[in-house]
Every structure is written in structure tokens, then in C-alpha cells.
Ligand code: GRF
């Protein structure tokens, strides 16, 4: 059976990594088996490392603080990914700005917790909540050399409820993330 191999890069809790592992890892879609064969994290104490271990996956730790430039760190990422026959790299809460050393050589998608092109950058959930927008949402896009600027793959929006708390807004965003990231991967690979 043909299989497609993905690498997942994360930096923190790893709830999106877990969504991928629970929903599509080692599962078959349209005759294609999808498998996570590599997890990379830049934070040695990230909870996502334990989530990966539940699925028998060891995480490769590559700490950006051990490199003097962004380019050297990115080169290390590319070197590690290149050891595997990867079909798609997934940035699932990987909190690093990537340089062309990475974006020019790696076919990757990224998850962003807003309706791009609105609210790019690292504070999207708070900025979207504090905006006057009547909808919030999530985007999955191709990684390009422009931060949060690559071609869109999938988006899903939700309506702001009256007096909606930030916590409820954030919870809604994560719920949608856990749906559309695995869906996007299946759409691309199968
Ligand atoms: C997600 O909200 C993602 O959109 C953002 O970082 C968060 C990662 O969450 N880039 P987790 O580590 O997958 O739980």
C-alpha cells in the first residue's frame, strides 16, 4: 500500500500534534497510508514530547538557543528532515520564524489561529479576540518566505457569541485547529 510520511514540528503543548497522531497517524485515506515518522521540537521541556511518546514516537530536540544564527538553526532542521523520506512537513505550533534556508528547501504547511491575512504573527488569538471582528477562525497555509503569508489551503470561521470570554474564544479556535489541520494533511497527501 502506498504510504506518505510526515514530519511534525512543534514547540509547546502539542495538542495539534496529538490531533494528528490520534486522527490520521498510521491510518489509510483513499488507499494511502499516512504516517508520522519524525517529530522535532525546539524546547526540551515541551509537553508535546510526552504526547508523542504515548504513540511510541521519540522527539528529536533541536534547540535554537544552541545556534548563533537563525540560518544555522534552520540548516540543522533541514539536515534532520532530509534524513527521512518526508512527503510533507507540518508546523503544528512551531513558534519560530523560519528563514529561506528552510522555506526554500522544505515543503511545509503551517497552522495559524486566525483568518489570514488578518492577525499575522505570534499574538493572533488575543488580537483577533480584542478586534471588532464578529467572526474568528483558523487557517492552514503553505509555508513561504513570508511569515504567515503562504497560499491558503483551508480556513474555518466561527461567530463571536454575545459576551464571549477570551477563554471560550481560544477554546473554539483550538477545537477548529484540531479539526482542520488533520483534514488539510489528508487533503494534500491522499
Ligand atoms: C496553536 O494555537 C497554533 O495555532 C499556534 O500555537 C498553538 C500551538 O498549540 N501557532 P499546540 O502546541 O498544538 O497545543
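Some values worked out for this structure:
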{"read-out": "Mean Cα-pair separation over length for segment 3-189, i.e. relative contact order, pairs under 8 Å, 6 or more apart, %", "value": "21"}
{"read-out": "Gained length - residue 97 relative to residue 127, 0.36 nm times residue gap less alpha-carbon distance", "value": "8.9 nm"}
{"read-out": "Crossing angle, helix 166-189 versus the chain [Cα axis fit, 0-90 degrees, rounded to tens]", "value": "40"}
{"read-out": "Theoretical gain in end-to-end length, residue 55 to residue 70 [0.36 nm per residue, Cα-Cα removed]", "value": "2.3 nm"}
{"read-out": "Antiparallel bridges, percent of DSSP beta bridges restricted to the chain (to nearest 5)", "value": "45"}
{"read-out": "Theoretical ellipticity at 222 nm over the chain - DSSP helices of four or more residues, -39500 (n - 2.57) apiece, nearest 500", "value": "-10000 deg cm²/dmol"}
{"read-out": "Size of the chain as Cα extents on the principal axes (Å, biggest first)", "value": "50, 43, 30"}
{"read-out": "Extended-chain gain in nm, criterion 0.36 nm per residue less alpha-carbon gap, residue 162 and residue 13", "value": "50.7 nm"}
{"read-out": "Alpha-carbon Debye profile of segment 48-118, log10 I(q)/I(0) at 0.16, 0.20 Å⁻¹", "value": "-0.68, -1.02"}
{"read-out": "Cα shape, segment 1-89, gyration tensor, a/c 1.5 rule", "value": "oblate"}
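Any read-out appearing in this document is the output of simple, stated calculations on the displayed coordinates, not a laboratory observation. No experiment lies behind these values; they were computed from the predicted model shown.
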